[in-house]
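K.L.:
Let me give you the structure first, and then I'll get to my questions.
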Amino acid sequence: MKTVGYIRVSSEGQNIARQKKSLKEAGCTDFYIEKLSGASMERPELHRMLDELEEGDMVVIHEMSRLSRSTKDLLTIVEIIQSKGAGLKSITDKWLDLTDDNPMSELLFTIFSGLAQFERKMIKQRQKEGIEIAKTEGKFKGRKTKLVEGGKEEQRMKAIIEAYRQGKSINDIRTTFKVGTGTIYRLLEREGIK
């Protein structure tokens, strides 16, 4: 029987310290750390955790949204955890305690996971509406490319292009230069390479 912690942030640049601290305090000894969006089930550490779970294990999360942003996916993940004979607890969502066969806990989980997905969709809708208004007013310019011409950044851009021409993969370039995939593709497109 082990207590494992699942930690997820949406991107490489985000800090996991707050989640890890609270999970350690909750008794977690093993951690599965993901730096990917919770909107998709394509998360290697999540799958590894689910594969390695054994009967009597406890999965602890900082909050429900760390496990998934989709109601359907949340229900699927919980079903897998329970089918393995393991439990699930949340640090901040005190009501989320699926350690025993309690129908009330399962009902609350289903309701709140639906509300979390609803909240996410409302945020995206408001963001989309705001962007449309900004576009009509000529204020929206899109995401800024992190690489700009001039000085060190221009040297960096040339190094990225050269690395690509030498056959380095996009993933290698992304890791080496600490730049997003989209930025690399925009740079290559601007140079007429891709």
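K.L.:
Modelling each spin label as a point 7 Å along the Cα-to-Cβ direction, I'd like the residue 120/residue 3 distance in nm, to one decimal.
P.N.:
2.7
K.L.:
Return the FRET efficiency for the residue pair residue 94, residue 158: r is the Cβ-Cβ distance, R0 is 41 Å, and the value is rounded to the nearest 0.05.
P.N.:
For residue 94 and residue 158, the calculated efficiency is 0.15.
K.L.:
Run lengths n ≥ 4 of DSSP H only: what is the helix-derived mean residue ellipticity at 222 nm for the chain, with -39500 (n - 2.57) per run over all residues, to the nearest 500?
P.N.:
Mean residue ellipticity at 222 nm (helix-derived): -16500 deg cm²/dmol.
K.L.:
How much of the DSSP beta bridge set in the chain is antiparallel, as a percent to the nearest 5?
P.N.:
5
K.L.:
Follow-up. If you wrap segment 11-92's Cα atoms in a convex hull and average its projection over all directions, what's the area in nm²?
P.N.:
Dividing the Cα hull surface by four gives the mean projection, 5.0 nm².
K.L.:
Given the options 35, 152, 94, state which has the largest fluctuation in a GNM of the chain using a 10 Å cut-off (strictly under) for Cα springs.
P.N.:
Ranking 35, 152, 94 by mean-square fluctuation puts 152 first.
K.L.:
What do you get for Rg/Rh over the chain if you use C-alpha atoms and the Kirkwood form of Rh?
P.N.:
That ratio equals 1.08.
K.L.:
Another one. Against the 2.2 N^0.38 Å scaling, with N counting residues, where does segment 58-141 land? I'd like the Cα-based Rg ratio to two decimal places.
P.N.:
That ratio works out to 1.44.
K.L.:
Follow-up. Which residues among segment 76-117 fall inside the zone where the amide N is under 18 Å from a point 7 Å beyond the Cα of residue 133, along Cα→Cβ?
P.N.:
none
K.L.:
Work out the FRET efficiency for residue 178 and residue 107 from their Cβ-Cβ distance, taking R0 = 41 Å, and round it to the nearest 0.05.
P.N.:
Working from the Cβ atoms, E equals 0.35.
K.L.:
For residue 2, which sequence-distant residues (separation of 5 or more, or a different chain) have an amide H within less than 5 Å of its own amide H, given hydrogens modelled in the peptide plane?
P.N.:
For residue 2, whose amide H was placed from the backbone, the distant partners under 5 Å are 57, 58.
K.L.:
Accessible area per residue, 1.4 Å probe, Å², for segment 33-164: what's the number?
P.N.:
Computed with neighbouring chains in place, this is 62 Å² per residue.
K.L.:
Report the rotationally averaged projected area of segment 21-64 based on its alpha-carbon convex hull, in square nanometres.
P.N.:
3.6
The values are calculated or read from the model by the stated rules, or taken from the named source; none is laboratory data. Keep in mind that this is a model prediction, so the values were computed, not measured. Glycine gets a Cβ as well: all are built from the backbone with ideal geometry, and neighbour counts include every protein chain shown. Protein only, heavy atoms only, side chains kept; ligands, DNA and RNA dropped before computing areas. Shrake-Rupley method; radii C 1.70, N 1.55, O 1.52, S 1.80 Å.
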